[in-house]
Amino acid sequence: MNENNNIPNQKHPLQGAGGALVILGAGESGVGAAYLAQQQGYDVFVSDFGTIADKYKKQLEDWNISFEEKQHTEDFILNAVEVIKSPGIPDKAPIIKKLKEKGISVISEIEFAGRYCSAKIIGITGSNGKTTTSSLTYHILKNGGLNVGLAGNIGKSFAYQVATEKFDLYVLELSSFMLDDMFKFKVDIAVLLNITPDHLDRYDYKLENYAASKFRVAQNQTAADYFIYCADDPETIKGMANRKFNAQLLPFTIETKIEPGAYLENDNIVINTTQEHFTMSIQELALQGKHNIYNSMASGIVARVLELREGTIKESMGNFKAIEHRLEFVANISGIRFINDSKATNVNSTWYALESMSGGVVLILGGVDKGNDYGMLKDLVKSKVKSIVCLGKDNKRIHDAFEDDVHVIVNTFSAQEAAQVAFHLAEKGDTVLLSPACASFDLFKNYEDRGDQFKAAVKEL
């Protein structure tokens with residue numbers, strides 16, 4: 001070890017039998033996995049190629065767990081008994097390639113934590129709506145008196161909660177990156193909301209590769225389990241055609257009547273599982289907009305499968321508070337509404353946001369483009385968007401896509417500048433919508449940082 005490795009204890013991480021359990025990436029997922037692994041008696045070593053955030057560094061030091069940052073010491077890593085990798089590290093990273101060449105098992109934090117968890121698992125995935133649906137499902141189940149945890153791509157890591165809590169069931173928000181490194185893990189109730197192009201840079205720019213990752217949510221399911229899916233989503237239906245499902249299938253749709261499952265009838269959500277019909281007017285839902293009808297249906301089916309009372313489900317769906325950075329109302333200034341949808345990191349999310357607007361939109365777009373096809377936005381931009389404010393280092397593809405559809409496209413390079421320019425372009429009755437359709441890493445730490453800076457800028461107007 002050199003002196004820059006910040007190893008808090010002097011024990012060589014590879015002392016003992018064979019090697020250490022190595023964790024690559026020291027974010028929420030990695031640090032939680034390290035804690036659980038230590039609790040289970042493993043010799044643990046954490047390695048992060050970047051800088052470890054202070055709060056995570058302090059946790060590792062407090063727990064006396066060996067770690068390094070700003071490098072990967074291959075002598076240690078390539079002697080691991082097993083490797084848990086952060087979802088953000090792609091398979092094409094040199095260290096992952098070397099591990100796989102050596103035949104060393106590389107798994108996700110979810111896979112590892114699942115070995116020590118006997119709780120029932122509700123796994124929710126999809127290109128859009130994962131966080132909202134996971135949060136709503138958790139809200140309903142908690143209000144129903146169930147002893148439930150919320151983890152995955154949201155909140156405290158699953159591994160840390162397995163180490164410190166005793167929940168009877170978990171709602172897990174599962175990204176495609178997490179699913180890629182899950183092999184034996186089984187989801188009791190799987191939810192697939194939709195499949196639209198996203199993260200294609202990680203999947204050789206092939207939608208079918210990305211879709212295959214999403215369908216991993218249903219792997220290992222048995223006839224006692226449930227697979228809940230959107231019957232209106234073409235890519236989901238296409239992907240299901242050549243796959244076998246052992247679980248009981250429960251679709252949801254707003255286009256036709258379907259049983260068992262959920263459908264829309266006279267502006268009422270109707271859910272029919274094995275119990276009597278559940279009915280609720282869409283006007284009573286806390287979350288409005290077409291996409292949220294789908295999200296509410298998926299959550300409602302989960303609740304009915306778990307036999308929650310109709311009154312509890314209705315009350316919870318009616319009083320749920322929208323999550324931060326997802327179509328979040330920020331302020332009304334001079335008759336102009338400001339909406340923070342920073343969590344919209346792909347084109348489809350932005351499509352849903354625009355679809356829920358009535359018109360007169362000043363749209364703030366841009367960031368790190370992940371191979372976006374802006375074509376699906378063109379009709380909505382033509383009908384609802386007055387002007388576009390670009391927020392990113394490279395905005396050429398946005399200009400190329402929309403220069404014939406709006407009168408004004410302006411480049412900005414900070415959240416403050418974007419908010420100010422948008423405010424000047426908008427008129428009373430308009431909406432300034434931050435819904436970037438891109439990742440945030442060119443100018444911001446993450447989408448939360450982008451949303452927080454936008455909200456702070458709006459409050460300064």
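Tell me which residues, restricted to the stretch 57-66, are outside any strand (DSSP E or B) and open to solvent by less than 30 Å² (accessible area, probe 1.4 Å).
Passing the criteria: 60, 65.
When residue 258 is tested against (1) part of a helix (DSSP H, G or I); (2) open to solvent by 30 Å² or more (accessible area, probe 1.4 Å), exactly one condition is not met: (1). Criterion first (more than 26 Å from residue 77 (Cβ to Cβ) and either small (Gly, Ala, Ser) or touching a residue at least 60 places away in the same chain (Cβ under 8 Å) (or both)) does residue 110 satisfy it? The answer is no for residue 110.
Does at least one position in the stretch 148-171 carry a residue that is of a type in the set (Lys, Arg) and within 23 Å of residue 341 (Cβ to Cβ)? Among the residues of the stretch 148-171, not one is of a type in the set (Lys, Arg) and within 23 Å of residue 341 (Cβ to Cβ), which makes the answer no. Considering only residues in the stretch 352-375 that are in a loop (DSSP other than H, G, I, E, B) and in contact with a Cys (Cβ under 8 Å, 6 or more places away or on another chain), the one that is surrounded by the fewest Cβ atoms within 10 Å (Cβ to Cβ) turns out to be 370. Looking only at residues of the stretch 67-100 that are assigned to a helix (DSSP H, G or I) and farther than 28 Å from residue 213 by Cα, we find that the one that is modelled with the highest pLDDT is 74. Summed over the stretch 245-302, residues that are farther than 24 Å from residue 146 by Cβ and touching a residue at least 60 places away in the same chain (Cβ under 8 Å) total 4.
Of everything in the stretch 210-228, what is outside any loop (DSSP other than H, G, I, E, B) and open to solvent by 30 Å² or more (accessible area, probe 1.4 Å)? Give them in sequence order.
Within the stretch 210-228, 212, 216, 226 qualify.
With respect to residue 235, is the statement that it is out of contact with any Asp or Glu (no Cβ under 8 Å at 6 or more places or on another chain) and without any contact (Cβ under 8 Å) to a residue 60 or more places away in the chain true? Against the criterion (out of contact with any Asp or Glu (no Cβ under 8 Å at 6 or more places or on another chain) and without any contact (Cβ under 8 Å) to a residue 60 or more places away in the chain), residue 235 qualifies. Taking the stretch 343-363 as the range and being closer than 19 Å to residue 430 by Cβ, under 21 Å from the mean Cα position of the chain (by Cα) and not charged (D, E, K, R) as the test, the residues that pass are 344, 350, 353, 354, 356. Checking each residue in the stretch 376-416 for being part of a helix (DSSP H, G or I) and in contact (Cβ under 8 Å) with a residue 40 or more places away in the chain picks out 377, 415, 416.
Checking each residue in the stretch 76-94 for being in contact with a helix residue (DSSP H, G or I) (Cβ under 8 Å, 6 or more places away or on another chain) and either farther than 15 Å from residue 22 by Cα or aromatic (Phe, Trp, Tyr) (or both) picks out 88, 90, 91.
For residue 307, the criteria (1) open to solvent by 30 Å² or more (accessible area, probe 1.4 Å); (2) at negative phi hold in every case but one, which is (2). Residue 145 meets all of the listed conditions (1) of a type outside the set (Phe, Trp, Tyr); (2) open to solvent by 10 Å² or more (accessible area, probe 1.4 Å); (3) more than 29 Å from residue 352 (Cβ to Cβ); (4) part of a helix (DSSP H, G or I) but one, namely (4).
Looking across the stretch 161-177, the residues that are surrounded by 23 or more Cβ atoms within 10 Å (Cβ to Cβ) and either at pLDDT below 95 or in contact with a Phe, Trp or Tyr (Cβ under 9 Å, 6 or more places away or on another chain) (or both) come down to 162, 170, 171, 172, 176.
Pairing each residue of the stretch 131-150 that is free of Cβ contacts under 8 Å to residues at least 60 places away in the same chain and among the β-branched types (Val, Ile, Thr) with any residue that is part of a helix (DSSP H, G or I) and open to solvent by less than 40 Å² (accessible area, probe 1.4 Å), provided the two are 6+ apart or on different chains, yields C-beta distances under 7 Å for 148/141. Could you please give the count of residues in the stretch 364-394 that are over 25 Å from the mean Cα position of the chain (by Cα), of a type outside the set (A, V, I, L, M) and farther than 22 Å from residue 290 by Cα? Qualifying residue count, the stretch 364-394: 2. So, in the stretch 94-113, of the ones that are open to solvent by 20 Å² or more (accessible area, probe 1.4 Å) and small (Gly, Ala, Ser), which residue ends up farthest from residue 27 (Cα to Cα)? My answer is 103. Restricting attention to the stretch 428-447 and to residues that are charged (D, E, K, R) and touching a Gly at 6+ places or on another chain (Cβ under 9 Å), the residue that is surrounded by the fewest Cβ atoms within 10 Å (Cβ to Cβ) turns out to be 428. For the stretch 228-248, the criterion of being among the small types (Gly, Ala, Ser), within 23 Å of the chain's Cα centre (by Cα), at pLDDT 95 or above and within 24 Å of residue 135 (Cα to Cα) is met by at least one residue.
Taking each residue of the stretch 51-76 that is without any contact (Cβ under 8 Å) to a residue 12 or more places away in the chain and looking for partners that are of a type in the set (D, E, K, R) with beta-carbon atoms closer than 6 Å, six or more apart or interchain, yields nothing.
The values are calculated or read from the model by the stated rules, or taken from the named source; none is laboratory data. Keep in mind the model is a prediction, meaning the values are calculated, not measured. Heads up, the Cβs are rebuilt from the backbone with ideal geometry, glycines too, and the neighbour counts pull from every protein chain shown. To get the accessible areas, we keep the full protein, side chains included, count just its heavy atoms, and leave off ligands, DNA and RNA. Shrake-Rupley method; radii C 1.70, N 1.55, O 1.52, S 1.80 Å.
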